[in-house]
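Heads up, the thing below is written out as structure tokens.
The values are calculated or read from the model by the stated rules, or taken from the named source; none is laboratory data. It should be emphasised that the depicted structure is a prediction, and the values quoted were computed from it without experimental measurement. With ideal geometry, Cβ positions are generated from the backbone for all residues, glycine too; neighbour counts draw on all protein chains shown. Just the protein is used for accessible areas: all its heavy atoms, side chains included, with ligands, DNA and RNA removed. Shrake-Rupley method; radii C 1.70, N 1.55, O 1.52, S 1.80 Å.
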Amino acid sequence: MPADAATPDRIDTSGDKTLILLRHAKSDWPDGVNDHDRPLGGRGNREAPAAGQWLAGQGLYPDMILCSDAVRTRQTCTWVCSELGEKAPTPYLDSRLYEADATRALAVINETEERVRTLMVIGHMPWVQDLGMRIASVDSDEEAVVSMAERYPTLGLQVFKVPGEWASLDGRDARMTHFVVPRP
């Protein structure tokens, strides 16, 4: 076998990568709890597994999950991973995604290693919507972009195809293929 032939240790980094942006499920705001520590509400706990079910149904299994360290995003991530089963990677909690703006969230994404082919990022409004608007290319699915721009409810999920390196993702250079709001 030639030295440059594919081996189990070699990762194919050609072709488009996939970026999944997910807003956390519906949260609660109990008295005396600060924003960072807000948990999911009853509706959020009922609905959050639907995002994982949708991803599995599409055959979208992230290689890496970046998650805000806020309680509601961590709980959403737990529900999603439970639906992805054994194919779910161990999530990485990143405090920079809490109270981030689109520029900061994109900077975190830009640090992703090229071996990661499918990246899921779980975060908050307004940056999940602002980032989607920033990176959606002109060849994106028009209906998906318009739906996302008009209304971005809890558990809103965007899927993008990213043709270049994670480090060069900046603006209008990822093709949005889906915007869905999975519900049970």
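Suppose the Debye formula is applied to equal point scatterers at every Cα of the chain; what is log10 I(q)/I(0) at q = 0.13, 0.14 Å⁻¹?
Here log10 of I(q) over I(0) equals -0.63, -0.73.
Can you put Phe160, Phe179 in order of accessible area, largest first, using a 1.4 Å probe?
Phe179, Phe160
For Cα pairs less than 8 Å apart in space and 6+ apart in sequence, what is the mean separation divided by the residue count of the chain, i.e. the relative contact order in percent?
29
If you take every DSSP beta bridge whose two residues both sit in the chain, what share of them, in percent to the nearest 5, is antiparallel?
For the chain, the DSSP antiparallel bridge percentage is about 45.
Using a cut-off of 20 Å between alpha-carbon atoms, which lysines can reach Lys87, once sequence neighbours fewer than 8 places away in the same chain are excluded?
Those lysines meeting the cut-off are Lys17.
Over region 22-103, with the other protein chains present, what is the accessible area per residue in square angstrom, probe 1.4 angstrom?
Computed with neighbouring chains in place, this is 49 Å² per residue.
For region 43-119, what is the Kirkwood estimate of the hydrodynamic radius, computed as the reciprocal of the mean inverse distance between distinct Cα atoms, to one decimal in Å?
13.1
Quick one: if you take sqrt(5λ) for each eigenvalue of the C-alpha gyration tensor of region 71-158, what semi-axes come out, biggest first, whole angstrom?
Sorted largest first and rounded, they come to 21, 16, 15 Å.
Starting from the amide H of Thr118, placed 1.01 Å from N in the peptide plane, find each other amide H under 5 Å away whose residue is 5 or more places distant or on another chain.
The answer is Thr18, Asp63, Met64.
Of the peptides 75-83, 137-145, how do they stack up when ordered by the mean number of other Cβ atoms within 10 Å, highest first?
My ranking of the peptides, most packed first, is 75-83, 137-145.
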